[in-house]
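Here is the structure we will look at.
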Amino acid sequence: MEIIKIDYLKHTLKYNFLKNVLRCSSRTRVQKSTIKKIKNSQPYYIINENGTSPLIYLHSGAYSKNPLNYQIKFIKNLATLTNNKIYIPFYNTPNLDELTKFVNSFSSPSLICSGLGGGIAFSLYKKFNNIQKIVCISPWMHLNNPLNSTKAKLIFNGLNSPHLVELDDNVECLIINGDEEKLRGYINIFCKNNITKNIKWLEYEGMAEGFVFYPSKEAQEPTQIIADFLQN
């Protein structure tokens, strides 16, 4: 495992604005024609239909049908940089069995997850088949925390604690977060539990949760790191 603490850029005016305002932006409106729906299965959205290897994005929020506008823009940019075919399953109230079935419908996918999507990914990790790579952007590695709603606690009741999960030896994992995040301590526990595994953990000094998604200068370097990780 490789741990890198990064003394990053001075915060730009745009970053400071986005840190305080952007997370309250409206949800993405996706045309119904672009949503793939198979009977009795997980609905999903595809970015870059002609991409090569599959990449599944488990988005943050966990109880919202769509990711945020700026997260969709980030994913579109990532698809351009990597030529991945990116699948975004929609979940209002996550059906964890359907989500597991959806991920396992691919032969050897990679995952990108953020926020509570990270908690979902690692809680279900042992049920997933043949995951190649995992990218985590500010993952919430502990589901039973005071920030969760009653609805969240009911959904995740009985799941494994994601910060206690042990990765397989053949899986590569990249974690990127800011050191101002409230739940970063659980990332530390997860990495200590997987000290011998193939993990690269980058923590950016002074950055807020999910800063990699922001359309600002601070996000450019980690975005390229993610693209390189997925391609190599």
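Taking the beta-carbon count within 10 Å as an exposure proxy, list SER107, SER123, SER161 from fewest neighbours to most.
By the 10 Å Cβ count, ascending: SER107, SER161, SER123.
How do PHE122, PHE102 line up, fewest other C-beta atoms within 10 Å first?
Arranged by neighbour count, lowest to highest, PHE122, PHE102 become PHE102, PHE122.
Using label points projected 7 Å from each Cα along Cα→Cβ, tell me how many nm separate GLN231 and VAL21, to one decimal.
Going by the 7 Å Cα→Cβ label model, 3.3 nm.
FYI, it's all coordinate maths here, none of it is from the lab. These numbers come from a predicted model, not from an experiment. Note: ideal-geometry Cβ built from the backbone for every residue, glycine included; neighbour counts use all protein chains shown.
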